Every structure is written in structure tokens, then in C-alpha cells.
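S.K.: Before I ask anything, here is the structure I am working with.
The values are calculated or read from the model by the stated rules, or taken from the named source; none is laboratory data. Please read these numbers as outputs of a predicted model, since none were measured by experiment. Neighbour counts are summed over all protein chains in view; Cβ atoms, including those assigned to glycine, are modelled from backbone coordinates with ideal geometry.
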Amino acid sequence: MKYKTWVFDFDYTLADATAGIVESVNYALNQLGLEASSREDIRKTVGMKLDDIFCELTDISDEQSAKLFVSNFMYMADKIMTDNTVLFDDTIDVLSQLRQSNCNTAIVSTKCHYRIDEALAKFNITNLIDYIVGLEDVADAKPSPEGLLKVIDYFGSDKQSVLFIGDSLIDAKTAANAGVDFAAVLTGTTTAQDFLKFSHIHIANNLSEFKNCIDNHHTIC
């Protein structure tokens with residue numbers, strides 16, 4: 001197998017936390033006296049940093065307002081996010097297969113590390129992920145390569161043996177900035193056409209398409 005270290009984004013790659021994200025975003029907006037955003041508009045911002053989400057949804061660039069938005073979002077998210085997070089149907093199967101194949105597994109996300117920990121514990125899959133880089137673990141979030149480079153350093157991996165799988169253009173840019181291969185999944189809001197603009201080894205409908213790759217029976221890997 002070409003890839004020994006498999007790195008995943010979290011939201012819309014391994015899991016779906018839409019309900020919790022939408023409620024937390026709109027709570028934060030309402031606390032600032034702003035109108036709620038639609039579910040689909042919020043979904044399109046998943047993967048961005050929270051202050052960028054605020055600017056994207058409101059066109060407000062005021063730093064103090066963004067800080068209040070982040071604080072209010074975190075307050076509500078701490079209450080509801082984990083309960084409103086579900087794994088995709090094939091997540092456990094794919095991670096288990098990687099574990100059985102003695103691959104390294106990691107997550108690099110703009111989601112907080114502790115919240116990812118909570119989600120993994122909820123589904124009893126903590127043992128399937130070796131290393132996590134969350135928002136608070138880096139100075140610069142994606143698309144900065146810092147998180148991916150931390151993974152590479154942690155495992156002592158050659159870049160050629162690392163595959164980053166994600167659902168957004170932010171993820172594609174992160175892989176490019178880190179100098180590692182990227183594979184896209186269409187379980188988020190980004191279209192295959194959009195991914196074609198970026199270097200990639202495969203555009204998959206879901207994680208299940210990588211099962212044969214893990215067993216070294218598929219040419220994409």
C-alpha cells in the first residue's frame with residue numbers, strides 16, 4: 001500500500017454535526033441581535049474558522065463582534081454539539097480496516113480537539129484514531145499546513161506515504177500547502193467540479209470507496 005498515514009478532516013468527512021452547528025451559529029447571531037442564517041448557508045461555511053464564518057454569513061468585519069460571535073457559539077456548542085453529532089455509516093468500517101492494516105490514522109480539523117475527543121468517545125472509536133490536531137493545537141488553522149505537518153512529524157512519516165481526505169476546498173488547499181496527496185469526499189457541500197481545480201488522487205462519493213484501496217486492490221492508491 002502506498003499510504004501508511006491516513007489523515008481525515010472531521011466534519012462532513014467522518015461525521016455530520018449539522019444540527020448542532022446550525023443551532024449554535026444561529027444562537028450566536030441572535031445574541032448579537034442579528035437574523036438567523038439558513039441551514040444551507042451555514043452548511044457551506046463548515047470547515048472555516050468561526051470568525052470567518054461570522055464574516056461570511058453577515059458581511060460584518062468588526063473584530064469585536066466576531067469575538068462575541070465566537071464566544072456565544074462556543075457556549076451553545078459546549079451544550080449541544082456532541083449530542084447532535086452522528087458518524088457517517090461507513091466511518092467505523094473504514095477506520096477499523098485501517099487499524100487492521102496497521103496504518104496510522106489522524107484527524108486534522110478546525111473543530112476543537114476536546115470536542116472531537118467527545119465525539120469519538122460517544123461512539124466508542126477512540127482507539128481507531130492515533131492522533132488529533134484540533135483548532136487549539138495550532139497557531140494557524142487550515143488551510144495552513146501546520147496541522148498536517150504536526151501529523152507528519154508525530155509519525156515520522158514521509159510525505160509520499162501520507163494521504164489527506166477531506167470534503168472542502170480548504171482541505172484541498174491544506175494538502176497542497178503541506179505537500180501531501182489529497183482525496184476528496186462528496187459528503188459535504190463541495191461539488192466534484194469544484195475539486196477538479198485542485199490536485200487530487202481521487203474524488204469519492206463517500207469513504208467506502210477507499211476500502212479496496214486500503215486492501216491494495218485499487219489503482220487510485
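S.K.: Could you list all residues from segment 124-146 that are over 15 Å from Phe164 (Cα atoms) and among the hydroxyl-bearing types (Ser, Thr, Tyr)?
M.R.: Thr126
S.K.: Looking only at residues in segment 90-123 that are in contact with a helix residue (DSSP H, G or I) (Cβ under 9 Å, 6 or more places away or on another chain) and free of Cβ contacts under 8 Å to residues at least 24 places away in the same chain, which one is farthest from Met48 (Cα to Cα)? Spell out the reasoning first.
M.R.: The first filter runs over segment 90-123 and keeps only residues in contact with a helix residue (DSSP H, G or I) (Cβ under 9 Å, 6 or more places away or on another chain), leaving 90-101, 103-115, 117-123.
Still in the running and free of Cβ contacts under 8 Å to residues at least 24 places away in the same chain: 100, 114, 117, 120-121.
On the way: Gln100: 33, Tyr114: 18, Asp117: 20, Leu120: 21, Ala121: 24 Å.
Step by step, filter segment 90-123, then rank; the result is Gln100.
S.K.: Could you tell me whether Ser24 is out of contact with any Ser or Thr (no Cβ under 7 Å at 6 or more places or on another chain), surrounded by fewer than 18 Cβ atoms within 10 Å (Cβ to Cβ) and not assigned by TED's automatic domain parsing to the domain that holds Ile170? Write out each step before concluding.
M.R.: On the way: out of contact with any Ser or Thr (no Cβ under 7 Å at 6 or more places or on another chain): yes; surrounded by fewer than 18 Cβ atoms within 10 Å (Cβ to Cβ): no; not assigned by TED's automatic domain parsing to the domain that holds Ile170: yes.
No.
S.K.: Turning to a different aspect of this structure: Only one of (1) closer than 15 Å to Leu14 by Cα; (2) crowded, with 21+ Cβ neighbours inside 10 Å is not met by Asp93, so which one is it?
M.R.: Here Asp93 meets the rest and fails (2).
S.K.: Continuing with this model, one more query. Can you name every residue in segment 113-135 that is crowded, with 19+ Cβ neighbours inside 10 Å and in a loop (DSSP other than H, G, I, E, B)? Quick ask: steps written out before the conclusion?
M.R.: If we filter segment 113-135 for residues that are crowded, with 19+ Cβ neighbours inside 10 Å, which is where we start, we get 115-116, 119-120, 129, 132-134.
Of everything in segment 113-135, those that are crowded, with 19+ Cβ neighbours inside 10 Å and in a loop (DSSP other than H, G, I, E, B) turn out to be Ile129, Gly134.
S.K.: Does Phe155 satisfy being more than 22 Å from Ala17 (Cβ to Cβ) and either more than 19 Å from the chain's Cα centre (by Cα) or in contact (Cβ under 8 Å) with a residue 12 or more places away in the chain (or both)? Walk me through it before giving the result.
M.R.: On the way: more than 22 Å from Ala17 (Cβ to Cβ): yes; either more than 19 Å from the chain's Cα centre (by Cα) or in contact (Cβ under 8 Å) with a residue 12 or more places away in the chain (or both): yes.
Yes; evaluated as a whole, the condition is true for this residue.
S.K.: To continue, here is another question. Of all residues being among the polar types (S, T, N, Q) and part of a loop (DSSP other than H, G, I, E, B) in segment 44-75, which is modelled with the highest pLDDT? Just the residue, please. Lay out the reasoning, then the answer.
M.R.: Restricting attention to segment 44-75, the residues satisfying the condition of being among the polar types (S, T, N, Q) are 45, 58, 61, 64-65, 71-72.
Subset that is part of a loop (DSSP other than H, G, I, E, B): 45, 61.
On the way: Thr45: 97, Ser61: 93.
Once the filter is applied, the top-ranked residue is Thr45.
S.K.: Scan Lys173, Lys150 and give me the residue that is of a type in the set (Lys, Arg), touching a strand residue (DSSP E or B) at 6+ places or on another chain (Cβ under 8 Å) and part of a helix (DSSP H, G or I).
M.R.: Every option except Lys150 fails the conditions.
S.K.: Any idea which of Ile170, Ile220, Ile214, Ile203 is at pLDDT below 95 and crowded, with 18+ Cβ neighbours inside 10 Å? Lay out the reasoning, then the answer.
M.R.: Numbers: Ile170 fails: at pLDDT below 95; Ile220 fails: crowded, with 18+ Cβ neighbours inside 10 Å; Ile203 fails: at pLDDT below 95.
Answer to the check: Ile214.
S.K.: Would you check if there is a residue in segment 28-48 being under 21 Å from Asp171 (Cβ atoms) and among the small types (Gly, Ala, Ser)?
M.R.: Residues of segment 28-48 that are under 21 Å from Asp171 (Cβ atoms), as a first pass: 40-48.
Retained after the next criterion (residues that are among the small types (Gly, Ala, Ser)): 47.
Among the residues of segment 28-48, at least one is under 21 Å from Asp171 (Cβ atoms) and among the small types (Gly, Ala, Ser), which makes the answer yes.
S.K.: Is it fair to say Asp78 is under 22 Å from Asn206 (Cβ atoms), modelled with pLDDT of 95 or more and under 20 Å from the mean Cα position of the chain (by Cα)?
M.R.: Numbers: under 22 Å from Asn206 (Cβ atoms): no; modelled with pLDDT of 95 or more: yes; under 20 Å from the mean Cα position of the chain (by Cα): yes.
No: the conditions fail for Asp78.
S.K.: Is segment 136-145 home to any residue that is aliphatic (A, V, I, L, M), modelled with pLDDT of 95 or more, surrounded by fewer than 21 Cβ atoms within 10 Å (Cβ to Cβ) and part of a loop (DSSP other than H, G, I, E, B)? Break it down stepwise before answering.
M.R.: Taking segment 136-145 first, the residues aliphatic (A, V, I, L, M) are 138-139, 141.
Retained after the next criterion (residues that are modelled with pLDDT of 95 or more): 138-139, 141.
Then drop every residue that is not surrounded by fewer than 21 Cβ atoms within 10 Å (Cβ to Cβ), which leaves 138-139.
Add one more test, that the residue is part of a loop (DSSP other than H, G, I, E, B), and what stays is 138-139.
The answer is yes; a qualifying residue exists.
S.K.: Considering each residue of segment 76-112, count those that are part of a helix (DSSP H, G or I) and in contact with a Leu (Cβ under 9 Å, 6 or more places away or on another chain), and give that number. Before you say what the answer is, go through the steps one by one.
M.R.: Applying the first criterion (part of a helix (DSSP H, G or I)) to segment 76-112 yields 76-80, 82-84, 91-100.
Subset that is in contact with a Leu (Cβ under 9 Å, 6 or more places away or on another chain): 91-96, 98-99.
Summing the residues that are part of a helix (DSSP H, G or I) and in contact with a Leu (Cβ under 9 Å, 6 or more places away or on another chain) in segment 76-112 gives 8.
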